[in-house]
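One structure is given below, encoded as structure tokens.
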Amino acid sequence: MRARILVVDDEPSIRTVLKAHLSRDGHEVLVAPGGAEAVGTLSTEPVDLVISDLKMPGMDGMELLAWCAREQPGLPVIVITAHGTIDTAVEALKLGAQDFISKPFDLDELRQAVTKALGVERARRRDWLDDSVFEPDGRFDLVGRTAAMQKVYDLVSKVADSPTTVLITGESGTGKELVAKALHRQSSRRDGPFVTVNCGAIPDTLLESELFGHEKGAFTGAASSKPGKFELAEGGTLFLDEVGELGRDVQVKLLRALQARTVERVGGTRSIQVNVRVVAATNVDLASRVPGQFREDLYYRLAVVPIHLPPLRERRDDIPLLVRHFLGRFNERLGKNVRDVSPEVAAALSAWHWPGNIRELENTIERGVLLGEGALLGPEALPTGAPAAPSTPAVAGLPPVEPGGIGLKEYVRVHTAKLERDLILKSLEAEGGNVTRTARRLDISRKALQLKMKEYGLRDDDGE
């Protein structure tokens, strides 16, 4: 798993040692002596992971974490510190740290942390949704005004300020983590940590330690005791993403933690009381995996309150709100000034079936803003290799839209022609077939209307 890693530490010896060992593992390693230099590197160089000291002169590790969370959300950061306490760890995690390791550290422990962080990064890229959608056309930092989204808002309002476990379901890219964060922010735990664990990105051999912590010497590489995510989420919310990927052994231990509100570290003998609200999410049908792959008792313990997020194709009326939001975001991020969407592209965006849901829409708008040159997002700015469109009847003189063989530009052209033809037909019907009145109704010249009618096979003569 080769990656590009930035090591940030004010001690030259630490930078040298880390670079040597990470390079030996096949990674490309960049170094920076402080937070300010790291920001300079991150502003110009693509990086997969940051490993940073916490206490540094000038811009320290906490400030660097805050910068990464603001400017490069999703970039994993591992904090190395000689001042490792639970409070420090919680604060670092709240600012977005993926993991922390106390000095002096064991190289095997570091290697495990790097492997885990890179796994989360690759899962994020594979199943990516930027979780910073802020838009007034909705509630709780979620975008949408359709009836399906109103049901989501109502459930969030009712269950947010309770200790009850919630299971959020929905296809990939529908924004399940956004709902989890909304539940946290609307609760009395809002000032506590919001800790995320991607259960599908961490091997089962590491996941138990990740969730429940471990004691020194519990396994090879455990050079010191380390609290798990349950302990680090004390007084806050623990979000278990992709919970359907949990192995059977971890399922048993998670069920016990939920029922008893206690955890035991790997290699430990004492029970630790925890005050944590658990929210889980999955893009698979967990009920269909019971009892073969998923424990029935754990399923019912997680799904006390189920919240289902509908796919984007079932909430098409929210697409204009989402497009407007993404235009604003990417104009600011990319230094562009795309103010609106052309009618042709708007029609195509509303008609598309969006198998990747909001994530796919977001990526499409980002590419359009990046490649566009005018104030309108037009078909020339959209990608040509988009997923196939649903089959659509042929328009006279134009090819049908068949799955698997057409890009988005052609899809826009075909659907624009279909919309134009349908509008002309309806206008002709409304005006009793009178071409002159129909042209006036459509605000085009009589000659232009006659040409369009001939193009679409609606009329072969110039008569009334």
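The values are calculated or read from the model by the stated rules, or taken from the named source; none is laboratory data. This structure is a prediction, so every number in the text was calculated from the model and none was measured. Every residue, glycine among them, receives a Cβ derived from its backbone with ideal geometry; neighbour counts consider all protein chains shown.
The table for this structure:
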| read-out | value |
| --- | --- |
| Whichever residue in segment 256-289 is part of a helix (DSSP H, G or I) and either touching a residue at least 24 places away in the same chain (Cβ under 8 Å) or among the aliphatic types (A, V, I, L, M) (or both) and, among such residues, is farthest from Ser224 (Cα to Cα) | Ala287 |
| So Val305, is it among the β-branched types (Val, Ile, Thr) and not assigned by TED's automatic domain parsing to the domain that holds Leu423 | yes |
| Filter pass, Leu207 being at negative phi and either among the polar types (S, T, N, Q) or part of a helix (DSSP H, G or I) (or both) | yes |
| Total residues in segment 104-135, condition among the hydrophobic types (A, V, I, L, M, F, W, C), within 24 Å of Thr205 (Cβ to Cβ), modelled with pLDDT under 80 and under 19 Å from the mean Cα position of the chain (by Cα) | 2 |
| Subset tally (residues that are under 17 Å from Val263 (Cβ atoms), over 26 Å from the mean Cα position of the chain (by Cα) and of a type in the set (Gly, Ala, Ser)) for segment 185-240 | 4 |
| Number of the condition not met by Gly217 [criteria: (1) in a helix (DSSP H, G or I); (2) out of contact with any helix residue (DSSP H, G or I) (no Cβ under 8 Å at 6 or more places or on another chain); (3) farther than 25 Å from Asp141 by Cα] | (1) |
| Verdict on Gly40 being over 28 Å from the mean Cα position of the chain (by Cα) and more than 25 Å from Leu238 (Cα to Cα) | no |
| Which numbered condition Ile14 fails, given (1) within 17 Å of Lys103 (Cα to Cα); (2) within 29 Å of the chain's Cα centre (by Cα) | (2) |
| Matching residues in segment 153-179 - criterion: being in a loop (DSSP other than H, G, I, E, B) and surrounded by 17 or more Cβ atoms within 10 Å (Cβ to Cβ) | Ala160, Thr165, Gly170, Glu171, Ser172, Gly173, Thr174, Gly175 |
| Candidates Gly385, Gly404 - the one that is assigned to a loop (DSSP other than H, G, I, E, B) and either at pLDDT 55 or above or over 27 Å from Gly328 (Cβ atoms) (or both) | Gly404 |
| Residue list for segment 21-76, restricted to those being among the hydrophobic types (A, V, I, L, M, F, W, C) and under 17 Å from Leu93 (Cβ atoms) | Leu49, Val50, Ile51, Leu54, Met62, Leu64, Leu65, Ala66, Trp67, Cys68, Ala69, Leu75 |
| So Gln259, is it closer than 27 Å to Ile101 by Cβ, more than 28 Å from the chain's Cα centre (by Cα) and surrounded by fewer than 15 Cβ atoms within 10 Å (Cβ to Cβ) | no |
| Output for segment 220-255, where each listed residue is part of a helix (DSSP H, G or I), among the aliphatic types (A, V, I, L, M) and under 19 Å from Glu177 (Cα atoms) | Leu232, Val243 |
| Residue, modelled with the highest pLDDT, within segment 337-350, restricted to residues that are crowded, with 17+ Cβ neighbours inside 10 Å and either among the acidic types (Asp, Glu) or within 23 Å of the chain's Cα centre (by Cα) (or both) | Leu349 |
| Cβ-Cβ under 7 Å pairs, at least 6 apart or on other chains, segment 198-223 side closer than 10 Å to Lys116 by Cα, far side among the polar types (S, T, N, Q) | Leu206/Gln112 |
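Quick grid of which residues meet (1) of a type outside the set (Lys, Arg); (2) under 30 Å from Asp249 (Cβ atoms):
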position	(1), (2)
Gln273	yes, yes
Gly292	yes, yes
His308	yes, yes
Lys336	no, no
Arg339	no, no
Gly356	yes, no
Gly372	yes, no
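Results for (1) part of a loop (DSSP other than H, G, I, E, B); (2) hydrophobic (A, V, I, L, M, F, W, C), shown as yes or no for each residue.
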{"site": "Thr41", "(1), (2)": "no, no"}
{"site": "Val50", "(1), (2)": "no, yes"}
{"site": "Leu75", "(1), (2)": "yes, yes"}
{"site": "Leu93", "(1), (2)": "no, yes"}
